[in-house]
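Worksheet: the structure to be examined is printed underneath.
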Amino acid sequence: MQNVEKGRLLEVATKLYLQEQGFKTYFWSEWASQKGLPLQDTGIDLVAEMNGNLYVVQCKNWDRAVSWRDVGTFVGSLLRKDLNFKGGFLVATSISKEVEREIERLSKTIITVSADELNEYLDQSIYRLLPMPSISSKRFSQSTR
């Protein structure tokens with residue numbers, strides 16, 4: 001599986017997980033376009049909303065630990081005052097000790113979630129991302145005769 005596919009799979013799994021926890025969730029592109037914001041890479045994969053509070057989500061489905069440098073854009077977006085995010089979620093296979101230390105120092109809370117905790121959602125995500133087979137009405141009508 002390609003890295004982009006692995007990343008998208010974890011994003012969909014995280015979206016399902018957060019929805020089950022009671023959050024309304026949006027992919028960054030859909031949320032940003034609703035708000036009239038640029039769609040450029042902000043480090044945010046998802047936006048989750050609960051009780052009027054907004055949370056940013058970054059997903060890293062990598063084979064190595066996520067470093068502080070890897071989450072810089074995400075943290076910068078979280079701390080933007082004009083977007084008023086309450087906190088964030090960092091979903092990753094592994095994070096470095098530096099990331100653990102630095103997120104403790106932030107003025108806003110980032111909750112880390114192990115990608116391994118989302119295995120059941122990963123299975124569901126695969127099916128949601130698979131292309132649906134198209135059924136030709138002509139072939140279907142011929143085979144039912």
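The values are calculated or read from the model by the stated rules, or taken from the named source; none is laboratory data. In this text, all values refer to a predicted model and were calculated from it rather than measured experimentally. Positions of Cβ are backbone-derived with ideal geometry, glycine not excepted, and every protein chain shown enters the neighbour counts.
Worth pointing out:
- Total residues in the stretch 37-53, condition part of a strand (DSSP E or B) and surrounded by fewer than 19 Cβ atoms within 10 Å (Cβ to Cβ): 3
- Residues that are in a loop (DSSP other than H, G, I, E, B) and either hydroxyl-bearing (Ser, Thr, Tyr) or more than 22 Å from ASP123 (Cα to Cα) (or both) within the stretch 1-36 comprise just one, GLY36.
- Residues within the stretch 74-88 that are within 24 Å of LEU118 (Cα to Cα) and out of contact with any strand residue (DSSP E or B) (no Cβ under 6 Å at 6 or more places or on another chain), tallied: 1
Residues checked against (1) acidic (Asp, Glu); (2) surrounded by fewer than 16 Cβ atoms within 10 Å (Cβ to Cβ); (3) closer than 18 Å to THR25 by Cβ; (4) at pLDDT below 95:
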site	(1), (2), (3), (4)
VAL75	no, no, no, no
ARG80	no, yes, no, yes
GLY88	no, no, yes, no
SER125	no, no, yes, yes
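- Between VAL91, VAL47, VAL71, the distinction of being among the aliphatic types (A, V, I, L, M), under 13 Å from the mean Cα position of the chain (by Cα) and more than 13 Å from ALA115 (Cα to Cα) belongs to VAL47 only.
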